[in-house]
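The values are calculated or read from the model by the stated rules, or taken from the named source; none is laboratory data. Predicted, not measured: the structure shown is a model, and the values here were computed from it. A quick note on method: Cβ atoms are made from the backbone with ideal geometry, for glycine too, and the neighbour counts reach across all protein chains shown. What goes into the accessible areas is simple: the full protein's heavy atoms, side chains included, and nothing from ligands, DNA or RNA. Shrake-Rupley method; radii C 1.70, N 1.55, O 1.52, S 1.80 Å.
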Amino acid sequence: MINVSIVCIGKLKEGYLREASAEYAKRLGRFCRFSVRELPEKQIEGKSEADIAAVKRAEGERIVGAVKGHVIALDGRGKQISSEELADLLKKKAQTSSEIDFVIGGSYGLSDEVRARADEVISFGRITFPHQLIRIVAQEQIYRAFTINAGITYHK
């Protein structure tokens, strides 16, 4: 069974988000060994471009140090894919890798170093998602991908 992880910056703060995450983690247990690795957020000193760059760089170092296996970065600048394309990607990678890490940056996004480390950079659309909400969307899409591959009727 493949290991699938979400490596992300920060913890889920809202109870309803934690509940949704737990539900999808439970559902994913049928298809993979699923985990979430929450890395600490870097506190920002100010609001200048240099301050934001320093936060992204520090969080990026944490992410790069935590990932292993095949790395799929979730970034609005990535290639937009459909649920079916994600299912196909997971099916192919499961044949060559025992570990897949989905990466979600903090509130300022991913550093260039994380994007460079990633084997794939994908986007779930051109709209901006809060980084905590994208975690739930990612879990749902990963679950949907597994159900597509298994021929289960969840996907419509």
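Side notes on the structure shown:
- Which listed residue, of 101, 75, 51, is charged (D, E, K, R) and open to solvent by 40 Å² or more (accessible area, probe 1.4 Å): 51
- Options 6, 72: the member that is closer than 18 Å to residue 149 by Cβ and at pLDDT 95 or above: 72
- Count of segment 112-132 residues, restricted to those that are in a helix (DSSP H, G or I), touching a helix residue (DSSP H, G or I) at 6+ places or on another chain (Cβ under 7 Å) and either at pLDDT below 95 or open to solvent by 60 Å² or more (accessible area, probe 1.4 Å) (or both), is 3.
- Spans of strands (runs of 3 or more DSSP E) in segment 1-111 with at least 2 residues among the polar types (S, T, N, Q): 3-9
- Residue tally, condition charged (D, E, K, R), out of contact with any Ser or Thr (no Cβ under 7 Å at 6 or more places or on another chain) and within 21 Å of residue 109 (Cα to Cα), over segment 19-54: 7
- Picking from residues in segment 14-48 that are modelled with pLDDT under 90 and surrounded by fewer than 13 Cβ atoms within 10 Å (Cβ to Cβ), the one that is nearest to residue 68 (Cα to Cα) is 43.
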